[in-house]
Amino acid sequence: MRNLVFQDPGIRVSTNTTQSLNHAWERIRVPIVVPALHLAMYLCIAMSIMLFLERVYMAIVIAGVKCFGKKRYTKYKLESVKEDLEKNKNYPMVLVQIPMFNEKEVYKLSIGAVCGLSWPSDRLIVQVLDDSTNEILRTLVDLECRKWIERGISVKYETRNNRNGYKAGALKEGLKKQYVDDCEFVVIFDADFQPDEDFLWRTIPYLLDNPELALVQARWKFVNADECLMTRLQEMSLDYHFSVEQEVGSSTCSFFGFNGTAGVWRIRAVNDAGGWKDRTTVEDMDLAVRASLKGWKFLFVGDLAVKNELPSTFKAYRFQQHRWSCGPANLFRKMVKEIMFCERVSIYKKFHLIYGFFFVRKIIAHWVTFFFYCVVIPATILVPEVHLTKPLAIYLPATITILNAACTPRSFHLLVFWILFENVMSLHRSKATIIGLLEASRVNEWVVTEKLGNTMKQKYSTKASKKPRSRISERIHVLELLMGMYMLHCAIYNMLFGNDHFFIYLFLQAGAFFIVGIGYVGTFVPN
């Protein structure tokens with residue numbers, strides 16, 4: 001009785017609440033949580049095996065391509081085509097489009113690089129498609145164009161009073177100009193891309209040698225990969241995309257997704273496919289899929305790289321990844337029936353498009369990374385009735401990770417950071433794919449990826465001593481913080497009651513979620 005009278009009421013309430021929660025958890029754990037977790041685990045294991053087999057398949061193909069020298073672009077006799085061009089002077093008319101929107105830091109770089117391309121000036125038209133809303137910036141871009149016109153380059157400065165269709169709308173309007181009628185090929189460079197002067201000589205001959213070829217795609221080379229840890233990790237992911245995914249698609253079935261820039265299109269193929277459409281935020285992939293269904297072939301030239309800039313602020317990177325994850329899922333929803341019932345392509349190509357290109361790489365890859373490695377596996381620690389074998393929890397993802405990271409050997413020592421960061425970003429990407437599949441809000445959100453350019457780098461290097469400021473609302477990411485708390489709870493539980501050392505990974509992953517959750521990643525830009 002004395003203990004009951006003198007016990008602190010606050011402690012008594014807290015104890016009763018804890019006991020009630022524990023009792024409720026014990027009542028629902030076995031009949032509800034365990035079956036649901038088992039189902040989630042089996043689904044995730046199935047998806048993980050699908051991703052594993054896809055990665056192994058691509059590794060085998062790329063190994064064969066490199067060992068036996070079977071890259072498709074090495075089969076072409078380009079020297080004879082070049083000699084014929086120089087001898088007969090029958091150069092095709094080429095249009096180069098540079099779409100831009102408020103690109104104050106990089107517009108000079110891109111326009112200067114494109115105007116410096118080695119190609120007869122009377123057979124080259126440079127089209128600057130400026131949708132900028134800043135009138136002062138428009139004036140500066142116009143002056144830059146006039147400077148190159150005075151040097152003998154045919155530069156057309158085109159503006160719009162609206163941003164209908166965003167990039168796709170600008171490219172579509174650009175192709176409607178009367179002076180484009182004489183052009184046979186169109187080259188597209190985003191505003192931060194800087195091609196070498198021999199770019200056209202290393203791409204156009206492929207299209208001249210094969211009339212069935214619609215697209216020649218070059219890879220990207222990143223000028224700011226060493227700017228911060230986040231750009232190094234991006235380089236690892238994109239190197240795999242170009243070195244493996246694009247190469248395999250080009251070598252096996254002549255299809256891969258157009259990257260939206262650093263590529264040359266046959267204008268007839270663009271028109272045959274229906275032109276540019278703005279129904280998704282991946283207008284480049286949309287055009288590539290439609291052209292492929294019309295029977296056109298693509299070529300990826302892996303030894304031709306174009307310099308460009310990676311997003312170095314986390315805000316810009318998040319917007320880019322939302323667009324790159326939401327757009328393909330939404331396009332898959334819109335085109336899956338059209339692909340299935342297309343009669344002009346083989347069953348293998350249909351399977352590659354639906355299963356390999358869209359379902360596994362654009363949807364399953366994100367879902368497995370987040371739901372399996374960040375939700376389900378940690379949850380099995382809290383529910384001992386659900387057992388997960390080590391080959392599925394450790395060896396399978398380890399193999400997938402090594403296959404992904406092998407394309408960037410210089411950053412192999414950053415493998416652990418890459419895993420942790422990719423797991424964090426999978427939350428954002430998984431959410432974006434679900435939005436795309438359901439066509440929910442933000443499905444057509446288009447935010448231009450911010451570029452800092454050389455000018456900004458110089459500006460920040462001179463002000464490095466000043467502490468950068470940013471708004472708290474832009475720095476704090478609630479979902480990442482909640483995931484960090486969840487994984488921290490699982491880590492502590494595993495450390496106290498578990499019989500393994502899985503808590504080491506959980507602590508590291510929780511820390512990664514917290515670091516990203518407070519926005520302490522990437523380059524800091526003062527407001």
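The values are calculated or read from the model by the stated rules, or taken from the named source; none is laboratory data. Note that this is a predicted model, so its numbers are computed, not measured. No Cβ is skipped: glycine too gets one built from the backbone with ideal geometry, and neighbour counts run over all protein chains shown. Note: accessible area is taken over every heavy atom of the protein model, side chains too, but ligands, DNA and RNA are not part of it. Shrake-Rupley method; radii C 1.70, N 1.55, O 1.52, S 1.80 Å.
Per the 1.4 Å probe, what fraction of the accessible area of the chain, in percent, lies on carbon and sulfur atoms?
Heavy-atom surface of the chain belonging to carbon and sulfur, 1.4 Å probe: 59 percent.
Tell me the label-point distance for the pair I28, H413, using the 7 Å Cα-to-Cβ offset, in nm and rounded to one decimal.
If labels sit at I28 and H413, their model points lie 4.8 nm apart.
Apply the Karplus curve 6.51 cos²θ - 1.76 cosθ + 1.60, θ = phi - 60°, to the phi angles in the range 218-232 and return the couplings in whole Hz, x for Gly and Pro.
The phi angles translate into 9, 8, 9, 10, 9, 7, 10, 4, 8, 5, 7, 4, 5, 5, 5 Hz.
Looking at the range 348-449, which GluC sites (Glu not before Pro) are DSSP coil and have at most 15 other C-beta atoms within 10 Å of their C-beta?
Loop-located and lightly packed - E385, E439, E445.
What angle, in degrees between 0 and 90 and rounded to the nearest 10, separates the Cα long axis of helix 415-438 from the longest principal axis of the Cα atoms of the chain?
Its long axis makes an angle of about 80 degrees.
What full-extension length gain, to one decimal in nm, is calculated for I149 and E197 as 0.36 nm per residue of separation minus the Cα-Cα distance?
That works out to 15.5 nm of additional length.
Charges at C-beta only: +1 for Lys and Arg, -1 for Asp and Glu. How large is the resulting dipole of the chain about its Cα centre, in Debye rounded to 20?
With Lys and Arg at +1 and Asp and Glu at -1, about 560 debye.
Computed on alpha carbon atoms, what radius of gyration and Dmax characterise the chain, expressed in Å?
My reading of the Cα-based Rg and Dmax gives 26.3, 109 Å.
Given H38, L233, G327, which one lies farthest toward the positive end of the charge dipole of the chain, if we put +1 on the Cβ of every Lys and Arg and -1 on the Cβ of every Asp and Glu?
Checking the options against the dipole of the chain, the answer is H38.
Working out 0.36 nm times the residue gap between A46 and V447, then minus their Cα-Cα distance, what length gain in nm do you get to one decimal?
140.9 nm
Can you give the charge dipole size of the range 220-323 about its Cα centre, rounded to the nearest 20 debye, using +1 on the beta carbon of Lys and Arg and -1 on the beta carbon of Asp and Glu?
400 debye
What whole number of Å gives the distance from the Cα centroid of the range 108-165 to the Cα centroid of the range 333-384?
40 Å
Quick check: the angle from helix 453-462's long axis to the longest principal axis of the chain, C-alpha only, nearest 10 degrees?
Tilt of helix 453-462: around 50 degrees.
Tell me the mean residue ellipticity at 222 nm calculated for the chain from its helices only (DSSP H runs of n ≥ 4, each -39500 (n - 2.57), averaged over every residue, nearest 500).
For the chain, the value works out to -16000 deg cm²/dmol.
Would you calculate the separation in nanometres between label points at F68 and F351, each defined as 7 Å from the Cα along the Cα-to-beta-carbon direction?
1.9 nm
Which number gives the lysine pairs in the range 301-429 that have C-alpha atoms under 27 Å apart and are eight or more places apart or on different chains?
Going through the range 301-429 pair by pair, I get 12.
Mind pulling the angle between the C-alpha long axis of helix 9-28 and the longest principal axis of the chain? Nearest 10 degrees, somewhere in 0 to 90.
That works out to roughly 70 degrees.
Run the numbers for H489 and K87: contour at 0.36 nm per residue of separation, minus the present Cα-Cα distance, in nm.
That works out to 137.5 nm of additional length.
Describe numerically, in nm with one decimal, the distance between label points set 7 Å from Cα along Cα→Cβ at K390 and at S20.
In this crude spin-label approximation the distance works out to 4.4 nm.
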